[in-house]
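Down below is the structure, laid out as structure tokens.
The values are calculated or read from the model by the stated rules, or taken from the named source; none is laboratory data. Since we're looking at a predicted model, the values are computed, not measured. Here Cβ is always computed from backbone atoms with ideal geometry, including for glycine, and neighbour counts include all displayed protein chains. What goes into the accessible areas is simple: the full protein's heavy atoms, side chains included, and nothing from ligands, DNA or RNA. Shrake-Rupley method; radii C 1.70, N 1.55, O 1.52, S 1.80 Å.
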Amino acid sequence: MRTKKSSVLLHQLLAGTMLAALAAGSSSTVANAAADLIAVNGDVRTVDPNTPRAEAFAVEDGKFVAVGTSAEIRSLADGQTTVLDLGGKTVTPGFIDGHTHLTSGTDYVTGVDLSYIPDKETWLKKIKEADERLPPGVWITGGGWDYTLGEGKLPTKEDIDAVVKDRPVVLRDIDFHSIWVNSKALEIGGVTAKSEVPAGGEIVVDAKTGEPTGILLEGAGDLITNKKPAYSDKERAEALLQTVKFANSVGLTGVHDMSSIADVYDYLKLVEDKNLSLRVWYGFFEDKAANIPAAAKDRDAVDSRVAASGETRVKGPLLTVGYAKSVVDGVLSTHTAYLLENYSDRTGWKGGAIPVRG
């Protein structure tokens, strides 16, 4: 009998087709055939209110077939069964992220991820590492920075210039409402303090020099992101696959993802290639009601192709276009959210259309 360490458990459960939670219908009843995999000596949390916790479970043909005590589950093993000793560690049903932008987050996996890191020194170290890792000419993207965790003031283009000068660096903040760029990116975008920006957008400028600081709020970021070379279909598919695997690695088996209607077809390719190991409830960004009927046709096309793939017969529901998302304001951290009262740290400002200010 082969025994593996408990650290292998997450990979075993998520890398394949075992996307079902420890279901309420599972029991400790001994199956006729030996299980492919059993996990024992753990703190197993189920979704069965009658048996919310157990010690062990068994998996056969990619499905949970029994939950119970370690002794009960060991009885389901034979010489070919893989046994995981959990060592008292906790196992939960797969997590569902109810608000994410996973297709937009591929840059975090392939580029730079600064999420929840408080110090700018580490940000710059990671940016420099990406510069050394990526091929020449490739834009450094990603982000997740949150200036409120550290210095409490927005970073600048000079910060990035100190480590990367010869290629554009474009990093979104933790809220996806602002971007931080270097001088090369401003140059490529032709961005100056006088550049026109969409309503609600802002080019933050230095109070002393009057020049852009490298922070672009809301729609102002489009001045640069619209100049970024488009990924090929192959590049997008590979990046999304890496991102899905990363999501699995932290316990996610389902997401509610929101992005453009076009991006849902990248998920569809993973379905048709039999590579999607997430359940995706997809929402597309759309501010114009007149465009909804066209998106409904995309939804129907996706439904048809997902059904034709045959994957749902094996894995259950995988990909559905379910809703539209509209954005009406911004976020508190950069004063772009609409408020009923003035911001406490910006006199006379409640949010709204944001002009370029000095």
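GLU132 sits among other residues whose Cβ lies under 15 Å from its own Cβ, and their net charge, with Lys and Arg +1 and Asp and Glu -1, is +3. Taking every DSSP beta bridge that has both ends in the chain, the antiparallel portion is near 40%.
Surface exposure of the chain, expressed per residue as accessible area with a 1.4 Å probe, stands at 51 Å².
Here is the list for the range 161-192: trypsin sites (Lys or Arg not before Pro) lying in DSSP coil, each with at most 12 other C-beta atoms within 10 angstrom of its C-beta, are LYS165. Per residue of the chain, the DSSP helices (runs of n ≥ 4 H) give a summed -39500 (n - 2.57) that works out to -7500 deg cm²/dmol at 222 nm. Relative contact order, whole percent, for the chain stands at 14, derived from Cα pairs under 8 Å and 6 or more residues apart. Can you tally the net charge around ILE179? Count Lys and Arg as +1, Asp and Glu as -1, for every other residue whose Cβ sits under 10 Å from the Cβ of ILE179. For residues surrounding ILE179, the net value is -2. Once you divide the Cα radius of gyration of the range 106-243 by 2.2 N^0.38 Å, the number left is 1.00. Listed by chain and number, the lysines whose alpha-carbon sits under 30 Å from that of LYS63, ignoring those within fewer than 8 places in the same chain, are LYS4, LYS5, LYS89, LYS245, LYS269, LYS274, LYS315. Each peptide in 328-339, 103-114 receives the mean, over its residues, of other Cβ atoms within 10 Å, and ordering these scores from highest gives 103-114, 328-339. Of the solvent-accessible surface of the chain, computed with a 1.4 Å probe and all protein chains present, 53% belongs to carbon and sulfur. State which stretch of the chain is the longest one without any exposed GluC sites (Glu not before Pro), exposure meaning a DSSP loop state and at most 11 other Cβ atoms within 10 Å. Counting only loop sites that pass the neighbour cut-off, the longest clear stretch is 1-150.
Express the Stokes-Einstein translational diffusion coefficient of the chain in µm² s⁻¹, to the nearest whole number, given a Kirkwood radius over alpha-carbon pairs, 37 °C and a viscosity of 0.692 mPa s.
Numbers: Rh = 23.1 Å.
The estimated diffusion coefficient comes to 142 µm²/s.
For the range 110-172, the set of chymotrypsin sites (Phe, Trp or Tyr not before Pro) satisfying both a DSSP loop assignment and a count of at most 14 other C-beta atoms within 10 Å is given as TYR116.
The 3J(HN,Hα) values that the Karplus relation (6.51, -1.76, 1.60; θ = phi - 60°) gives for the range 75-81 are, in residue order, 5, 8, 8, 10, x, 9, 7 Hz. Gly and Pro appear as x. Where the alpha-carbon atoms of the range 209-330 are placed on the principal axes, they occupy 62, 36, 27 Å, in descending order. Near the amide H of ASN182, within less than 5 Å, lie the amide hydrogens of VAL169, all on another chain or at least 5 residues away, with H placed in the peptide plane. Across all Cα atoms of the range 71-182, the radius of gyration (one decimal) and Dmax (whole number) stand at 20.7, 64 Å. When peptides 273-284, 43-54 are ranked by their average number of other Cβ atoms within 10 Å per residue, the highest-first order is 273-284, 43-54. Equivalent ellipsoid of the range 129-209: semi-axes from √(5λ) of the C-alpha gyration tensor, largest first, are 21, 17, 13 Å.
The local environment of VAL250, defined by Cβ-Cβ distances under 14 Å, has a net charge of -1 under the rule Lys, Arg +1 and Asp, Glu -1.
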